[in-house]
Amino acid sequence: MQGLPTLSEGSTGGAVALAQRIVRDSGFDPGPISGSFGSQTATAVKGFQNLMQIVTDGIIGDQTWTTMNP
């Protein structure tokens, strides 16, 4: 999705908090909605990616953003 950054462990900011909310609402626990992409968020993202049957790498890029549909 254009305008949304690629996120991975170590990323911070509002886009991370948005992604954390989306994976939490999909049934995965990213930990606190803190805007800080740590290992628990990466694990939750992998679970979300697996559920959506897309590349399961724990990185939120265009394909993952598209399935999140923020």
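Quick look at the values:
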item	result
Subset tally (residues that are more than 9 Å from the chain's Cα centre (by Cα), surrounded by 14 or more Cβ atoms within 10 Å (Cβ to Cβ) and within 15 Å of Asp25 (Cβ to Cβ)) for the stretch 59-70	1
Restricting the stretch 6-16 to residues that are in a loop (DSSP other than H, G, I, E, B) and among the small types (Gly, Ala, Ser), the residue that is surrounded by the fewest Cβ atoms within 10 Å (Cβ to Cβ)	Gly10
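Residue-by-condition table, conditions (1) on the phi > 0 side of the Ramachandran plot; (2) free of Cβ contacts under 8 Å to residues at least 60 places away in the same chain; (3) crowded, with 17+ Cβ neighbours inside 10 Å; (4) not in a loop (DSSP other than H, G, I, E, B):
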| site | (1), (2), (3), (4) |
| --- | --- |
| Leu4 | no, no, yes, no |
| Leu18 | no, yes, yes, yes |
| Asp29 | no, yes, no, no |
| Ser34 | no, yes, no, no |
| Thr43 | no, yes, no, yes |
| Gly47 | no, yes, yes, yes |
| Asn50 | no, yes, no, yes |
| Gln53 | yes, yes, no, no |
| Asp57 | no, yes, no, no |
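No value in this document is a laboratory result; all are computed from the given coordinates. Not measured: the values here are computed from a predicted model. FYI the Cβ positions are ideal-geometry reconstructions off the backbone, even for glycines, and counts take in every protein chain you see.
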